[in-house]
Each structure stands twice: as structure tokens, then as C-alpha cells.
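Q: Could you have a look at this structure, given as C-alpha cells, before my questions?
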Amino acid sequence: MNCLRLVTQNQWNTVQNSTKWEEKGLDNSAKARMPGHLQVLKELMPDVLGGQEVNKDMQSILMDLISDNGLPYTMIWGLYTPIFYRSDKLELLENRYLSYPVKIEGYEGKFNDAKSKACNLAVFREKASGKVFLYATTHLWWQNDAMTPGSRQARVYQVRLAMEMLEKYSKQYQNCPMVFCGDLNDVYDSPCVKALEEAGFVHGYHAATEFRFEGMGYNNNNYSLPPKWMDEPFERAIDHIFVKGFKKDAVKRFDRYCPDYYLYLSDHAPCYIDIEI
């Protein structure tokens with residue numbers, strides 16, 4: 001059995017320590033937090049990790065730490081959405097990066113702040129088995145319709161742009177199976193999730209055959225100290241993993257990583273699946 005661990009993780013886009021944290025004797029700067037993110041890599045040892053809100057400073061610090069600690073990870077550039085993968089186990093066959101448009105026809109608002117909303121796609125071949133699969137990480141627009149009218153429609157539009165790209169490269173590689181994951185900034189019962197399911201993608205939570213994490217995997221560290229994990233069900237989560245084209249029982253585990261030390265690293269817990277390819 002060839003089982004891979006595939007992770008999505010919003011690492012919290014902040015570089016300097018915030019006043020609120022400094023007043024509490026804490027430090028949420030990139031320099032202070034990235035050793036914790038390295039610890040996550042060491043403990044989960046994912047085969048692929050797709051990031052969101054990973055700015056250039058965070059990327060640079062983390063890659064230095066990865067190198068210093070001899071971990072087998074290579075990074076694929078993606079502005080705020082890089083991909084880290086185990087180059088000892090996987091061969092990169094293709095990579096494409098899609099930055100979502102700022103403007104959407106029919107709506108006055110802007111739907112991509114700092115060009116951070118994007119989809120980063122990679123096609124991998126597992127070296128041991130020769131099997132090929134597609135992995136994509138995304139970060140969708142974040143506001144609600146009350147803040148910016150058309151926000152939910154914008155997320156559907158972004159998902160459809162991503163799916164078009166995924167389907168193109170899946171076909172190019174003999175209809176290889178696909179994993180689409182990231183911070184969708186919307187809950188399970190939302191139009192963007194429905195668009196994915198209507199296109200044949202299955203949520204990792206529903207696909208898992210051995211274990212599924214029932215919680216939200218979100219904490220309040222960006223607006224309340226001391227932080228704590230929110231007691232909310234899966235349906236309220238905004239970080240998602242979807243699969244398409246794998247055999248029915250391929251996903252063994254759907255989980256979120258929520259140790260107490262992580263409360264000071266990011267407001268989003270890493271979400272992952274263990275999947276047989």
C-alpha cells in the first residue's frame with residue numbers, strides 16, 4: 001500500500017510582532033513562529049504541504065530551517081501559496097500558478113487583496129510506484145457579502161477557474177487523480193463547496209474510511225489572547241480537502257493537527273488526509 005500524507009495549512013501572514021502580543025510579553029513575528037512550523041513538519045512529515053498566507057519572509061525563514069535540520073523538502077514558489085514536497089519520495093512533473101483576478105464582471109468590489117488569492121498546482125510522480133497524481137493548494141477571497149457584495153459569488157468563480165486548470169492538467173496526465181485543498185474562506189454548506197461537489201470532487205471528511213476529525217480546527221489567536229481552540233463542528237470549518245479520481249476507499253484519515261503549542265503559530269490548524277494512491 002502506497003499511502004501519502006497530504007496537508008493544507010494557513011500559516012498566518014504576519015512578519016513583525018503585533019502590539020497586542022508584545023503587551024502580553026508574546027511574539028507573533030515570523031522569526032518567532034517559523035521554528036514552530038518546522039516542528040509541525042517534523043511531527044507530521046507530510047509528503048506534500050500546500051500553504052496559504054505564507055509570505056516571502058516566512059518562506060525564506062522556513063526553508064533555512066528545513067535546510068539546517070536536514071529535512072527532505074523542496075519548495076515550489078507560489079507567492080503566498082507555496083507548495084512544500086518530499087523530493088526524496090516525489091518527482092515534480094508539472095507546476096502551474098494561477099492568480100485569481102481582482103475584478104469580477106458584474107460586481108464593483110475587488111476580490112484579491114495583495115494578490116494573495118491564488119491556486120498553485122503541482123503534478124507529482126511517486127518514485128516508488130510510478131503513480132501520478134495532481135495536488136493543488138488554494139486561498140479564496142475572504143470577505144462576506146455584507147462587507148463586499150458578491151463575495152460568495154467571487155469564491156465560486158475562483159473555484160471554477162481552479163477546476164478548469166486542474167481538469168486540463170489531469171487530462172494531460174492520463175486523467176490522473178486530483179487533490180484540491182486550501183483555505184476556502186467558506187463553510188461546508190456554501191456555494192463554492194457545492195460547485196466542487198457538483199464537479200465530482202468528494203470532501204476528504206466524507207471519503208475517509210478509518211478516521212475523521214469532527215471539529216473546526218480554528219482558533220482565535222489573531223484577535224484574542226490567550227488563544228483557544230473553538231468548539232465548532234466540521235461543518236463550520238473553512239479549510240478543506242477534496243479528492244477526485246481516486247478509488248473509493250483511498251482516503252484513510254481526515255484530520256486536523258491541534259496541539260496546544262500551535263495556538264501561537266496560526267489561527268488555522270493544519271488539515272490533512274492520509275490517502276492510498
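The values are calculated or read from the model by the stated rules, or taken from the named source; none is laboratory data. What you are looking at is a predicted structure, and each value in this text was computed from that prediction instead of being measured. Glycine gets a Cβ as well: all are built from the backbone with ideal geometry, and neighbour counts include every protein chain shown. The area values use the complete protein model at the heavy-atom level, side chains included, leaving out ligands, DNA and RNA. Shrake-Rupley method; radii C 1.70, N 1.55, O 1.52, S 1.80 Å.
Q: Please report the relative contact order for region 36-105, taking Cα pairs under 8 Å with a sequence separation of at least 6, and give it as a percent rounded to a whole number.
A: Relative contact order here is 33 percent.
Q: Enter the accessible area of residue 260 (Å², nearest 10), with the probe set to 1.4 Å and all protein chains included.
A: 120 Å²
Q: So who's got an amide H within less than 5 Å of the one on residue 76, skipping anything under 5 residues away but keeping other chains? H placed 1.01 Å off N, in plane.
A: Close amide H contacts, sequence-distant or interchain: 83, 84, 85.
Q: What whole-number value in Å² describes the accessible area per residue of region 179-249 for a 1.4 Å probe?
A: 46 Å²
Q: If exposed GluC sites (Glu not before Pro) are those in a DSSP loop with at most 15 other Cβ within 10 Å, what is the longest stretch of the chain that has none?
A: 1-104
Q: Also, I was wondering about something else. Given a cut-off of under 8 Å on Cα pairs at least six residues apart, what relative contact order in percent is computed for region 1-131?
A: Working: 207 pairs, mean separation 27.1, N = 131.
Relative contact order here is 21 percent.
Q: Still on this structure: Between residue 223 and residue 209, what length comes free when the chain is fully extended (0.36 nm per residue of separation minus the Cα-Cα distance, one decimal in nm)? Show your work: numbers first, answer last.
A: Numbers: separation 14, 0.36 × 14 = 5.04 nm, distance 3.59 nm.
Net length gain for the segment: 1.5 nm.
Q: Excluding same-chain residues fewer than 8 positions from residue 194, which lysines have a Cα within less than 28 Å of its Cα?
A: 103, 110, 115, 117, 168, 171, 244, 247, 248, 252
Q: What number comes out for the charge environment of residue 127, summing +1 per Lys or Arg and -1 per Asp or Glu over other residues with Cβ under 13 Å away?
A: Around residue 127, the charge tally is 0.
Q: Between 73, 107, 85, find the one with the highest GNM mean-square fluctuation for the chain; connect C-alpha pairs within less than 10 Å.
A: 107
Q: While we're on this one: So how long is each side of region 143-203 along the principal axes, counting just the alpha-carbon atoms, biggest first, in Å?
A: 43, 19, 18
Q: Given a cut-off of under 8 Å on Cα pairs at least six residues apart, what relative contact order in percent is computed for the chain?
A: Computed value for the chain: 20 percent relative contact order.
Q: Which residue, 118, 32, 162, tops the fluctuation ranking in a GNM of the chain built on C-alpha contacts under 10 Å?
A: Its mean-square fluctuation being the largest, the pick is 32.
Q: Would you mind telling me the share, in percent, of accessible area of the chain contributed by carbon and sulfur at probe 1.4 angstrom?
A: Reported share for carbon and sulfur atoms: 49 percent.
Q: Also: Can you tell which of 114, 237, 154 shows the greatest fluctuation in a Gaussian network model of the chain with Cα springs below 10 Å?
A: Result for the chain, Cα springs under 10 Å: 114 fluctuates most.
Q: Provide the per-residue ³J(HN,Hα) series for region 127-138, in order, calculated from phi with Karplus coefficients 6.51, -1.76, 1.60 and θ = phi - 60°, each as a whole number of Hz, with x at glycine and proline positions.
A: 5, 5, 9, x, 6, 10, 8, 10, 10, 9, 10, 9
Q: Starting from the Cα-Cα distance between residue 248 and residue 94, subtract it from 0.36 nm times their residue separation and give me the gain in nm to one decimal.
A: Details: separation 154, 0.36 × 154 = 55.44 nm, distance 2.58 nm.
Stretched fully, the residue 248-residue 94 segment lengthens by 52.9 nm.
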